[in-house]
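Worksheet: the structure to be examined is printed underneath.
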Amino acid sequence: MSPVAEFLGGAAVFNKVIDSDLGLAREVELGFPSSALGHVMQQLGSGIELASVYAVVGNARTLQRKRQGHTRLSRDESDRLARLGRIHQRALEALGSAEKAQRWLTRPNRALEGVAPITILGSDAGAVVVEQILGRIEHGVFG
């Protein structure tokens with residue numbers, strides 16, 4: 001199973017095994033089940049505030065309504081949730097533990113001019129910047 005798909009809830013959420021990035025991309029096109037958002041929140045625990053995740057994925061009120069009604073997320077909401085999962089996985093690999101990854105995502109970062117990485121994950125451009133920083137961390141280049 002794809003680590004990102006597993007983070008999003010895996011077979012329990014998608015009702016099938018997603019074993020590749022292509023499979024995940026196909027699910028994005030369909031729109032994730034809203035239970036994927038709930039699973040992500042469980043995975044993150046108290047490490048990341050619900051409001052921060054909603055700010056990345058979409059409108060908080062709309063997302064709450066979708067979760068309560070068990071309706072699918074839109075393609076764009078699904079794409080942003082997959083992006084959060086991908087970045088979380090990269091942070092986990094770079095930093096070694098879920099706790100460190102969550103802390104890094106939510107704390108102000110000098111490389112991002114004092115903003116927390118999670119606050120810029122709502123755009124693809126922001127995710128690229130965060131991935132570049134994680135790449136530098138993996139290679140021991142912090143400045």
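The values are calculated or read from the model by the stated rules, or taken from the named source; none is laboratory data. Predicted model only: the values in this text are computed from it and were never measured. Methodologically, a virtual Cβ is constructed for each residue, glycine included, from the backbone with ideal geometry; neighbour enumeration extends over all protein chains shown.
Give me the pairs: first residue in the range 81-108 and free of Cβ contacts under 8 Å to residues at least 40 places away in the same chain, second residue of a type in the set (Lys, Arg) and surrounded by fewer than 22 Cβ atoms within 10 Å (Cβ to Cβ), beta-carbon distance under 9 Å, and six or more apart or on different chains, which are they?
LEU92/LYS100; ALA101/ARG90
Exactly one condition in (1) within 13 Å of the chain's Cα centre (by Cα); (2) at pLDDT 95 or above; (3) among the polar types (S, T, N, Q) is not met by SER34; state its number.
(1)
Restricting attention to the range 93-106, which residues are buried (at least 19 other Cβ atoms within 10 Å of the Cβ) and either in contact with a Pro (Cβ under 6 Å, 6 or more places away or on another chain) or within 23 Å of MET1 (Cα to Cα) (or both)?
Result: ALA101, GLN102, LEU105.
Answer yes or no: is there a residue in the range 13-28 that is touching a residue at least 24 places away in the same chain (Cβ under 8 Å), among the hydroxyl-bearing types (Ser, Thr, Tyr), farther than 14 Å from LEU105 by Cβ and assigned to a loop (DSSP other than H, G, I, E, B).
No, the range 13-28 contains no residue that is touching a residue at least 24 places away in the same chain (Cβ under 8 Å), among the hydroxyl-bearing types (Ser, Thr, Tyr), farther than 14 Å from LEU105 by Cβ and assigned to a loop (DSSP other than H, G, I, E, B).
Just to be sure before I move on: is VAL40 within 17 Å of THR119 (Cα to Cα), in a helix (DSSP H, G or I) and in contact (Cβ under 8 Å) with a residue 60 or more places away in the chain in the structure I sent?
no
Pairs under 9 Å by beta carbon, first residue on the phi < 0 side of the Ramachandran plot and at pLDDT 90 or above in the range 51-66, partner among the charged types (D, E, K, R) and not in a helix (DSSP H, G or I), six or more apart or different chains?
Taking only residues 6 or more apart or on different chains, the pairs are LYS66/ARG72.
Only one residue in GLU49, GLU77, GLU6 is charged (D, E, K, R), crowded, with 21+ Cβ neighbours inside 10 Å and within 30 Å of PRO108 (Cβ to Cβ), so which one is that?
GLU77
Hey, can you tell me all the residues within the range 117-134 that are without any contact (Cβ under 8 Å) to a residue 12 or more places away in the chain and either in a helix (DSSP H, G or I) or touching a Leu at 6+ places or on another chain (Cβ under 9 Å) (or both)?
If the condition is that a residue be without any contact (Cβ under 8 Å) to a residue 12 or more places away in the chain and either in a helix (DSSP H, G or I) or touching a Leu at 6+ places or on another chain (Cβ under 9 Å) (or both), then ILE120, ALA125, GLY126, VAL128, GLN132 are the ones that fit.
I'd like to verify a number: residues in the range 1-12 that are in a helix (DSSP H, G or I) and either closer than 18 Å to ALA101 by Cα or touching a residue at least 60 places away in the same chain (Cβ under 8 Å) (or both), how many?
Qualifying residue count for the region: 5.
In the set ALA36, ALA12, which member is buried (at least 20 other Cβ atoms within 10 Å of the Cβ) and out of contact with any Ser or Thr (no Cβ under 7 Å at 6 or more places or on another chain)?
Result: ALA36 is the single residue among ALA36, ALA12 that is buried (at least 20 other Cβ atoms within 10 Å of the Cβ) and out of contact with any Ser or Thr (no Cβ under 7 Å at 6 or more places or on another chain).
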